[in-house]
Amino acid sequence: MKRAILRLLGRHTEPDLRVLMVCSGNICRSPTAEAVLRFKLVRAGLGERVEVDSAGTHGFHVKEAPDPRAQDRARARGYDLSGLRARGVVADDFRCFQHILAMDDGHLKWLNDAAPPDCGARIGLLMAHAGQGGGRREVPDPYYGSTRDFERVLDLVEVACDGLVHALGRELIGRDRNRPAQS
């Protein structure tokens with residue numbers, strides 16, 4: 001439906017890149033990362049070229065909204081998680097997304113083990129895009145923590161998404177250069 005509306009409006013019908021953020025239940029870290037990346041891509045002028053989604057390695061919370069604490073802390077920084085709903089990773093994700101980014105090593109292992117032979121996605125850790133600014137390899141799970149833990153998740157995700165936007169921008173430039181000129 002969304003693609004049909006975009007076609008009617010004369011806009012891009014297919015994104016150039018797709019990014020999937022993954023955590024355990026898809027109610028804290030990965031929806032936060034989805035919303036932050038989407039916001040930063042729009043600000044960088046890349047919002048129409050990169051599709052962002054999130055999912056969980058486990059279906060504990062399918063169709064549930066993100067944790068209210070994650071929504072509250074994100075809203076305070078200008079990110080809207082309210083329309084997001086949890087889902088599990090499915091086999092097609094490994095073919096449809098160019099980048100699948102895990103929040104921690106456990107998710108990374110799970111994704112690598114679950115990836116089918118025809119996986120076209122680059123699977124890695126979100127924090128690999130943080131450079132020296134993140135200071136961590138993983139985004140810690142705030143679920144059993146305090147408000148401060150949800151703030152820390154946002155701090156880490158924001159730094160990593162800044163680096164990711166830069167990397168995706170370079171990737172899009174490379175794709176544009178390799179595209180045949182239209183006559």
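The values are calculated or read from the model by the stated rules, or taken from the named source; none is laboratory data. Fair warning: this is a prediction, and the values are worked out from it, not measured in the lab. Positions of Cβ are generated from backbone atoms using ideal geometry, with glycine treated the same way; all protein chains shown enter the neighbour counts.
Looking at Pro116, is it more than 27 Å from His166 (Cα to Cα), surrounded by fewer than 18 Cβ atoms within 10 Å (Cβ to Cβ) and touching a helix residue (DSSP H, G or I) at 6+ places or on another chain (Cβ under 6 Å)? For Pro116, the condition - more than 27 Å from His166 (Cα to Cα), surrounded by fewer than 18 Cβ atoms within 10 Å (Cβ to Cβ) and touching a helix residue (DSSP H, G or I) at 6+ places or on another chain (Cβ under 6 Å) - is met.
For the range 14-25, state whether one or more residues are modelled with pLDDT under 95 and in contact with a helix residue (DSSP H, G or I) (Cβ under 8 Å, 6 or more places away or on another chain). Please lay out each step first, then the result.
First, the residues of the range 14-25 that are modelled with pLDDT under 95: 14.
This time we only want the ones that are in contact with a helix residue (DSSP H, G or I) (Cβ under 8 Å, 6 or more places away or on another chain), so: 14.
Scanning the range 14-25, I find at least one residue that is modelled with pLDDT under 95 and in contact with a helix residue (DSSP H, G or I) (Cβ under 8 Å, 6 or more places away or on another chain), so the answer is yes.
Restricting attention to the range 38-68, the residues that are in a loop (DSSP other than H, G, I, E, B), closer than 16 Å to Gln98 by Cβ and of a type outside the set (D, E, K, R) add up to 1. Among the residues of the range 146-166, just one is loosely packed, with under 13 Cβ neighbours inside 10 Å and either within 16 Å of Glu51 (Cα to Cα) or β-branched (Val, Ile, Thr) (or both), namely Thr147. Close contacts from the range 118-140, counting a first residue that is in contact (Cβ under 8 Å) with a residue 60 or more places away in the chain and a second that is of a type in the set (D, E, K, R), with Cβ to Cβ under 7 Å and a gap of 6+ residues or different chains, come to Val139/Arg29; Val139/Asp104.
For (1) over 16 Å from the mean Cα position of the chain (by Cα); (2) of a type outside the set (A, V, I, L, M, F, W, C), each residue gets a yes or a no:
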position: Arg69; (1), (2): yes, yes
position: Leu84; (1), (2): no, no
position: Ala91; (1), (2): yes, no
position: Cys96; (1), (2): no, no
position: Pro142; (1), (2): yes, yes
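Say whether the condition of being of a type in the set (A, V, I, L, M), surrounded by 13 or more Cβ atoms within 10 Å (Cβ to Cβ), touching a residue at least 24 places away in the same chain (Cβ under 8 Å) and in contact with a Ser or Thr (Cβ under 7 Å, 6 or more places away or on another chain) is met by at least one residue in the range 89-96. Yes, the range 89-96 contains a residue that is of a type in the set (A, V, I, L, M), surrounded by 13 or more Cβ atoms within 10 Å (Cβ to Cβ), touching a residue at least 24 places away in the same chain (Cβ under 8 Å) and in contact with a Ser or Thr (Cβ under 7 Å, 6 or more places away or on another chain).
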